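Every number in this text was worked out from the coordinates using simple rules, so none of it is lab data. Keep in mind it's a predicted model, so treat the numbers as computed, not measured. Note that each Cβ is placed from the backbone with ideal geometry, even for glycine, and that neighbours are counted across all protein chains shown.
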Amino acid sequence: MQLVFHMIFQTTRLSIRKLTTYDTDHFFDMMGNPKVMNPVPRRAMTRAESDAKLALLIELEPNSSTTVWAMTVKGSDEFIGLCGFLKNEENQDELAYRLREKYWGVGYGTEVAKGLLTYGFIEKNCPFIIGDVYIENLPSIKILEKFMIAGKEFFNESDQCMDRRYTVSKSEFLKA
């Protein structure tokens, strides 16, 4: 049986689609892995917590300004990570991405960040996009610094850590 997934956008190597219950095992592989969750920083989830979070994200997507999607390698339906847009406390569009550990180090983070920015500016018509990152998460900082400008540092109450906010405007991104 061939499954059909709703595609959101594609990059050179990645396809971004809606999350489904088909993603349950791979979602847990990511959310239950301390190496993936510590850079956020958050604790790894149990299987029950991961399954509940996936169900919430699937239900949330059509009715919310927060959109979280599945990331796959083109030609495969296998979930390799999450990406999308969150709304921060100031109602600003914030890009978000997270990859399963086995897909680290091959440029997918950079590729999806650029794809999200392009989608956000062209399809969603965002005037600017932010990215908040834990100041010790050096791989994500390296990615954001390719496309965005570092701004204020602040204490993130929900994650109990110091974050740095990166920003880029539509005009700055599109002229680059």
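The figures follow:
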{"quantity": "Radius 13 Å from Cβ of I80, net charge of other residues (Lys, Arg +1; Asp, Glu -1)", "calculated": "-1"}
{"quantity": "Amide H partners (placed H, <5 Å) of G32, local residues excluded", "calculated": "M45"}
{"quantity": "Label of the coordinate-derived value, P(r) over Cα pairs in 5 Å bins from 0, in percent, listed as (i) 1, 8, 13, 14, 13, 11, 9, 7, 6, 5, 4, 3, 2, 1, 1, 1, 1, 0, 0, 0; (ii) 2, 8, 16, 21, 18, 14, 10, 6, 4, 1, 0, 0; (iii) 1, 8, 17, 22, 22, 18, 9, 2, 1, 0, 0", "calculated": "(iii)"}
{"quantity": "Under 5 Å, built H, 5+ apart or other chain: amide partners of I130", "calculated": "D93, E94, L95"}
{"quantity": "GluC sites (Glu not before Pro) within the range 34-79: DSSP coil, no more than 16 neighbouring Cβ in 10 Å", "calculated": "E78"}
{"quantity": "At most 16 other Cβ within 10 Å, DSSP loop - trypsin sites (Lys or Arg not before Pro), the range 20-90", "calculated": "R42, R43, K74"}
{"quantity": "Estimated vicinal HN-Hα couplings, Hz - the range 8-13 in sequence order (Karplus 6.51, -1.76, 1.60; Gly, Pro = x)", "calculated": "9, 7, 10, 10, 4, 10"}
{"quantity": "Loop sites in the range 133-176: GluC sites (Glu not before Pro), DSSP, at most 16 other Cβ within 10 Å", "calculated": "E136, E157"}
{"quantity": "Length-normalised contact order for the range 54-166 - Cα pairs under 8 Å, 6+ apart - percent", "calculated": "16 percent"}
{"quantity": "Kirkwood Rh in Å, taken over all unlike Cα pairs in the range 68-109", "calculated": "11.3 Å"}
{"quantity": "Positive-pole candidate from N125, A150, Q160, dipole of the range 119-176, charges at beta carbon", "calculated": "N125"}
